[in-house]
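S.K.: Let me begin by handing over the structure; questions about it come next.
The values are calculated or read from the model by the stated rules, or taken from the named source; none is laboratory data. Not measured: the values here are computed from a predicted model. Methodologically, a virtual Cβ is constructed for each residue, glycine included, from the backbone with ideal geometry; neighbour enumeration extends over all protein chains shown.
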Amino acid sequence: AQTVTQSQPEMSVQEAETVTLSCTYDTSESNYYLFWYKQPPSRQMILVIRQEAYKQQNATENRFSVNFQKAAKSFSLKISDSQLGDTAMYFCAFMKHVGVSNMLTFGGGTRLMVKP
Amino acid sequence: GAVVSQHPSWVICKSGTSVKIECRSLDFQATTMFWYRQFPKQSLMLMATSNEGSKATYEQGVEKDKFLINHASLTLSTLTVTSAHPEDSSFYICSAPTSGSSYEQYFGPGTRLTVT
């Protein structure tokens with residue numbers, strides 16, 4: 001079974017600064033996907049960024065980027081130029097290679113507060 | 001992008017009654033849907049995988065007789081909480097991949113259940 005661990009229950013950052021959220025996972029799979037989801041106060045889950053395990057290049061989406069270290073089983077999220085709208089719960093998630101299961105395994109979450 | 005709806009968004013019921021929550025994929029067909037439960041300030045916990053035309057697969061520790069899942073069509077899955085008790089009060093979220101070969105998973109907006 002896969003496990004996903006987020007070691008930072010809460011974090012805060014000043015507006016316009018950069019923050020990094022940590023995530024580690026444990027799996028025996030060699031082919032998988034990793035995701036960061038955002039859950040704002042509305043509680044609607046929003047996909048922030050994804051990473052395919054077979055890709056060495058770190059994924060980026062505008063102000064969001066990841067540091068994927070496959071050997072270390074680490075998948076951190078960096079948010080640059082933080083905005084007030086980034087305030088939310090952030091969940092790291094693991095998915096086995098598509099076709100085996102689309103089931104997501106979530107970490108415990110990190111509550112991020114962006115301060116003006 | 002694909003849209004998943006849930007109904008109702010909020011429901012209050014009395015202890016001992018049953019309540020049904022619907023999850024619909026509005027613009028795509030979903031042979032599989034997932035049901036999650038989320039307690040306040042906690043992560044999403046997978047309850048079961050809903051499979052169109054066949055029985056749902058429940059996660060360990062989830063009572064299948066209490067949480068009845070029916071996936072009667074390619075766009076609708078329902079979760080019925082039977083004989084609800086206050087401890088069943090929670091936020092229930094469904095999700096669906098857009099196809100069996102897709103990592104893209106879309107989440108419903110969630111249903112808040114309060115049992116009095």
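S.K.: Restrict the check to segment A:9-27 and report whether at least one residue is without any contact (Cβ under 8 Å) to a residue 60 or more places away in the chain, within 14 Å of chain B (Cβ to nearest Cβ) and within 12 Å of the chain's Cα centre (by Cα).
M.R.: no
S.K.: Kindly list the number of the only condition in (1) over 16 Å from B:Ser43 (Cα atoms); (2) modelled with pLDDT under 95; (3) buried (at least 16 other Cβ atoms within 10 Å of the Cβ) that fails for A:Leu104.
M.R.: The number of the failed condition is (1).
S.K.: Please count how many residues of segment A:80-101 are at pLDDT 95 or above, more than 14 Å from the chain's Cα centre (by Cα) and of a type outside the set (Ser, Thr, Tyr).
M.R.: The number of residues fulfilling the criteria is 4.
S.K.: Could you list, in sequence order, all residues of segment B:7-28 that are assigned to a strand (DSSP E or B) and surrounded by fewer than 12 Cβ atoms within 10 Å (Cβ to Cβ)?
M.R.: Hit for segment B:7-28 is B:Trp10, nothing else.
S.K.: I would also like to ask the following. Of these, A:Gln44, A:Gln56, which one is without any contact (Cβ under 8 Å) to a residue 40 or more places away in the chain and either within 14 Å of chain B (Cβ to nearest Cβ) or outside any loop (DSSP other than H, G, I, E, B) (or both)?
M.R.: A:Gln44
S.K.: Oh, and also: Condition test on A:Leu34, is it within 12 Å of the chain's Cα centre (by Cα), surrounded by 20 or more Cβ atoms within 10 Å (Cβ to Cβ), assigned to a strand (DSSP E or B) and of a type in the set (A, V, I, L, M, F, W, C)?
M.R.: yes
S.K.: May I pose another question? Which of the strands (runs of 3 or more DSSP E) found entirely inside segment A:63-116 contain at least 2 residues meeting this: more than 25 Å from B:Met33 (Cα to Cα) and either of a type in the set (Val, Ile, Thr) or within 14 Å of chain B (Cβ to nearest Cβ) (or both)?
M.R.: A:110-115
S.K.: For A:Thr87, are the conditions met, namely being within 30 Å of B:Glu59 (Cα to Cα) and β-branched (Val, Ile, Thr)?
M.R.: no
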